[in-house]
Amino acid sequence: MTAVRRHLIEPLRTGGALRALALVASAIPLGTLWFVVLVTGWAVGLGLLITLVGLPILLGLAYVVRVAAEAERRLLEALTGERLARRPVVRHDAPLTARLRGLAGDATIWREQAYLLLRFVLGLPLAVVVLALLGEGLRLALAPAYYRAGGDVADVGAWSVDTFSEAVLLVPAGLALAAASVPAAVWAARAWTALARGLLGEAAPAAAAPPADGGARPGRRPPRPVGSRGLAVHAAAYAIVNVTLVLIWTATTPGGYFWPFWTLVPLGAILLAHAALVVSPALVPGGRWGRVGLVRHAGVAGALALLLIAIWAFTTPGGYFWPVWPVIALAVQVAIHATRVFVGTGAREDELTERIDVLTSTRAGAVDAQAAELRRIERDLHDGAQARLVALAMDLGMARDRLAASGDARARDLVAGAHEEAKRALVELRDLARGIHPAVLSDRGLEAAVGSLAGASRIPVRVEVDTGGRLEPAVEAAAYFTVAESLANAAKHSGARVVEVAIGRGDGVLRVRVSDDGAGGADPQGEGLTGLRRRIEAHDGILRVVSPEAGGTTIEAVIPCGS
């Protein structure tokens, strides 16, 4: 009953099932559009490359790909809440040849093309399967109404429904199929989200970088699926091979026998099985490894089933549906595996869940205690040593004025020097207190603190903050120092003309994004970004760094902050 509530009732109640279905179904129009654009653009651009007319065509295709990928990112964010790092703004003041070299050497644009192609090659068949499952379920559930309307529309294969009672018997089967389409759509959307995270996400796995000592962090779930870079390379190779073959088929035998099918579908099934192995941990809440194995098993079995059905549809459409027997065998194996997982591991999972909750709460308490201790140190410096230095500077100033009247030049110079040193010590102490924990952050909140950083920056900064009120002090501090470090890096190294800071709260997380139009090429493993990443990861957050050599840097932090 718990599984039914989690995988069926909860997605329907929250609207997640409808959004997942929309994401999966969107592959039919969008995948087809992207496929036509890519094939046409590459065919025309390469065909006219010898006349140099192909160069601007290929450049235009590259910009179209960027726009399409950005549209896919926004669609993914609107339907799933997965906010991927935005591509930096292109600097248009560079020469045409430099822009062409930059685009050709930009690995991100090749991954974006692979993703757009996969929206057609894998996304369209997946959408057809999910929609067919839902449509067939609804058709069978409405079999009595169909029977009353026409009589023969309720036929199921070789079984002809001749009576109203037989039509009623189809209703439970239809409801079961329609209900099965809900977790199928949700799992398909999660798998596609994980694939998009690997291909449309950050240019380098900065958030998943190992610690300085080379060891692993026990108990930390990786922000990206392990092996996602290998999956991205696999997808890119698949896209390059099949686009090349489709172009050859288009140039040699257009409208004839579509022989690229024998590479598109079998190699696509292998890629789908690879994706099931890689993204399976992202589909299982809490990383329950028994269920991860089940998802991997189901993914590989599904890839084989789709391969067999596609071969049948291409070779003998309308003939004897021979894939039914291997598909049934694969389904029985998955069902046996599912029975073992859900029946045999319940108590162990409950124990592990309770342990994870205890560790999470104790870590949160330690982070809050550390933040409180830093605020206490800042207050002690402000109310103690800083106040005494202020009084000392005032006394020295008055002593200097009196000595100036007495005419003792040596004593006056000594007191004036001591006065200047006291003022310098006061400034350093204020900077130290601000670096530990800025007073404006505690007193007026994150928006005011970020506004003060923007006002002090040498580069024009556009700020957009929407947190819906105050957050936990530790979360506000992590967000503040993310902006502070990003602005400092932009001022020192980027040569940027403008910086954009966007902070928003939603879906239980705080998202902080700082983008500039500078030179790019920031090192995600640098000392400042490494320290910032560790600060974010202490809150179970993720730090992404996108800084291609072509220009522009985007630093994005995702910090859990509760509902």
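The values are calculated or read from the model by the stated rules, or taken from the named source; none is laboratory data. Everything quoted here is computed from the prediction, not taken from an experiment. A quick note on method: Cβ atoms are made from the backbone with ideal geometry, for glycine too, and the neighbour counts reach across all protein chains shown. Each accessible area value is taken on the protein alone, full model and side chains, heavy atoms only, with ligands, DNA and RNA left out. Shrake-Rupley method; radii C 1.70, N 1.55, O 1.52, S 1.80 Å.
Side notes on the structure shown:
Listed here are the residues, each with its yes/no results for (1) part of a helix (DSSP H, G or I); (2) of a type in the set (Asp, Glu); (3) in contact (Cβ under 8 Å) with a residue 40 or more places away in the chain.
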site	(1), (2), (3)
Val440	yes, no, no
Ala454	yes, no, yes
Arg511	no, no, yes
Pro524	no, no, yes
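- Selection of the range 432-458 for residues being open to solvent by less than 80 Å² (accessible area, probe 1.4 Å) and at pLDDT below 70 yields Ala433, Gly435, Ile436, His437.
- Identity of the residue in the range 53-101, modelled with pLDDT of 80 or more and small (Gly, Ala, Ser), that ends up farthest from Glu549 (Cα to Cα): Ala78
- Counted residues, the range 306-339 - those being surrounded by 12 or more Cβ atoms within 10 Å (Cβ to Cβ) and not small (Gly, Ala, Ser): 17
- If only residues of the range 498-510 that are farther than 14 Å from Ala557 by Cβ and in contact with a strand residue (DSSP E or B) (Cβ under 8 Å, 6 or more places away or on another chain) are counted, the one that is most open to solvent (accessible area, probe 1.4 Å) is Glu500.
- Any hit, the range 250-257, residues being surrounded by 13 or more Cβ atoms within 10 Å (Cβ to Cβ) and modelled with pLDDT under 80: yes
- The range 459-477, residues that are assigned to a loop (DSSP other than H, G, I, E, B) and open to solvent by less than 30 Å² (accessible area, probe 1.4 Å): Ile459, Thr467, Leu471
- Failed criterion for Gln525 (all others in (1) in contact with a helix residue (DSSP H, G or I) (Cβ under 7 Å, 6 or more places away or on another chain); (2) surrounded by fewer than 23 Cβ atoms within 10 Å (Cβ to Cβ); (3) among the polar types (S, T, N, Q) hold): (1)
- Filtered residue count, the range 478-490, keeping only those that are within 23 Å of the chain's Cα centre (by Cα), open to solvent by less than 40 Å² (accessible area, probe 1.4 Å) and in contact (Cβ under 8 Å) with a residue 40 or more places away in the chain: 6
- Matching option when the condition is in contact with a helix residue (DSSP H, G or I) (Cβ under 6 Å, 6 or more places away or on another chain) and either at pLDDT 80 or above or surrounded by fewer than 21 Cβ atoms within 10 Å (Cβ to Cβ) (or both), among Ala194, Ala216: Ala194
- Selection of the range 225-276 for residues being β-branched (Val, Ile, Thr), out of contact with any helix residue (DSSP H, G or I) (no Cβ under 8 Å at 6 or more places or on another chain) and not in a helix (DSSP H, G or I) yields only Thr253.
- Condition met for Thr530 (touching a strand residue (DSSP E or B) at 6+ places or on another chain (Cβ under 8 Å), hydroxyl-bearing (Ser, Thr, Tyr) and in contact (Cβ under 8 Å) with a residue 40 or more places away in the chain): no
- Meets criteria (modelled with pLDDT of 85 or more, of a type in the set (Val, Ile, Thr) and more than 29 Å from the chain's Cα centre (by Cα)) for Val332: yes
- Near pairs, Cβ below 7 angstrom, 6+ apart or cross-chain, from the range 155-184 (under 26 Å from Leu23 (Cα atoms) and at pLDDT below 65) to any residue that is surrounded by 14 or more Cβ atoms within 10 Å (Cβ to Cβ) and among the aromatic types (Phe, Trp, Tyr): none
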